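A short worksheet on the structure shown next.
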């Protein structure tokens, strides 16, 4: 994906919501990516406006001290905390609408140009610490808090030096704090690129959950869309005839003089960005084939020999490497690249739990009791259930144990070779036993979530 070296002038990205016009086989998509195969046009008929705006020069890249260059963008408005916000490239909050309109190409004031630039001192989060707050306590509802927590973990598992620091809720924009704003019915989530003054991330209740939030965090950390690289035509083909029409029926134009939804597919000027490194068609920041596509066919098609882009929900190693380059002073390595680096107990080349080396490259202790298979007939006693371990990977790929009913244990309370307790909040006090062992004895002083069954020895989380 594209990422800024010294300055990002203005372009950005999209996400997995309305931005996730998913592939025709929704069942193949991750659970936390919106399976929007039925969205062959904008469900909200957003009012797309195409304008030409100036872009500030980046002397370190262009070897000039000023520039009258312009670029074409299509934007639509969303409600912000204080002023309406302009969204470009599907999910990127560029600026407030007044600032965008003031930057129209007939304006050459350097002050206006600077308003549409992300300078090196502002682009990255100092020290690799993302300061954030929720708009309100209520904004955490509808699964947003859980999805946000999961999304941050997907980045910190790979980049453990990254930090997310929470501040008290407030609906007032603040200079150095990203505000998480709850929205409803937008079918999309939105984020600025990098650290911006008064930055706001819009988290909708129907934009795809943790997978989309992870993509938006990629933008917040400073990444752009991979398919906007200047060299993308060497790897993928853009079928602009398959891109959504505007609400008035106007067809998309994907050229540099773009219009409508075609502006989501423009390439960036190679002078404006650091786009070095291999092209990653599997990047979290790459459009999948049916993003913004009509039913006539895919908008993006991989060239022969290039992996087909997917609606991914996790960062790739190349995604993580590029964040490392942006935060070179903080980066101590990438967990999951197969190389043992400072702070890692292990690195088996993936970010999966349940294989002895955890998603965050920490050694996982083996369980003393037997595992069970939830998908086939298992040997768990009728008084138990084959249950996924807390923290196991999704889709049943992690380990499973035979779990007693809440409040019950096996008779041999002190024998950890046949039963254990594990310190999980969601399974507080629950006992896990060997396959075939009956849980027919009441625990002593058991209370849900209150560390009941304490007579059964608790072991560290095991996989």
Evaluate the following for residue 412: is it more than 29 Å from residue 149 (Cβ to Cβ), modelled with pLDDT under 85 and not assigned by TED's automatic domain parsing to the domain that holds residue 317? yes
Just give me the residues in the stretch 310-322 being buried (at least 24 other Cβ atoms within 10 Å of the Cβ) and either farther than 19 Å from residue 148 by Cα or free of Cβ contacts under 8 Å to residues at least 60 places away in the same chain (or both), in sequence order. 322
Quickly run through the stretch 372-388 and pick out the residues that are touching a strand residue (DSSP E or B) at 6+ places or on another chain (Cβ under 6 Å) and closer than 17 Å to residue 438 by Cα. 372, 378, 380, 384, 385, 386, 387
Single residue of the stretch 315-343 satisfying the filter (under 21 Å from residue 228 (Cβ atoms) and part of a loop (DSSP other than H, G, I, E, B)) that is nearest to the chain's Cα centre (by Cα): 315
Specify which of the listed residues (289, 366, 342, 307) is surrounded by fewer than 22 Cβ atoms within 10 Å (Cβ to Cβ) and within 22 Å of residue 234 (Cβ to Cβ). 307
Count of the stretch 267-280 residues which are modelled with pLDDT of 95 or more and either buried (at least 21 other Cβ atoms within 10 Å of the Cβ) or outside any loop (DSSP other than H, G, I, E, B) (or both): 1
Just name the residue that is modelled with the lowest pLDDT out of those in the stretch 81-111 that are surrounded by fewer than 18 Cβ atoms within 10 Å (Cβ to Cβ) and in contact with a helix residue (DSSP H, G or I) (Cβ under 7 Å, 6 or more places away or on another chain). 102
Output for the stretch 374-400, where each listed residue is under 27 Å from residue 362 (Cα atoms) and modelled with pLDDT of 85 or more: 386
Can you find even one residue in the stretch 147-162 that is farther than 30 Å from residue 349 by Cβ and either surrounded by 15 or more Cβ atoms within 10 Å (Cβ to Cβ) or touching a strand residue (DSSP E or B) at 6+ places or on another chain (Cβ under 8 Å) (or both)? no
Which residues, counting only those in the stretch 416-429, are crowded, with 16+ Cβ neighbours inside 10 Å and either farther than 16 Å from residue 441 by Cβ or modelled with pLDDT under 80 (or both)? 422, 427, 428, 429
In the stretch 263-288, the residues that are closer than 13 Å to residue 50 by Cβ and in contact with a helix residue (DSSP H, G or I) (Cβ under 6 Å, 6 or more places away or on another chain): none
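The values are calculated or read from the model by the stated rules, or taken from the named source; none is laboratory data. Worth saying up front: this structure is predicted, and the values here are computed from it rather than measured. Methodologically, a virtual Cβ is constructed for each residue, glycine included, from the backbone with ideal geometry; neighbour enumeration extends over all protein chains shown.
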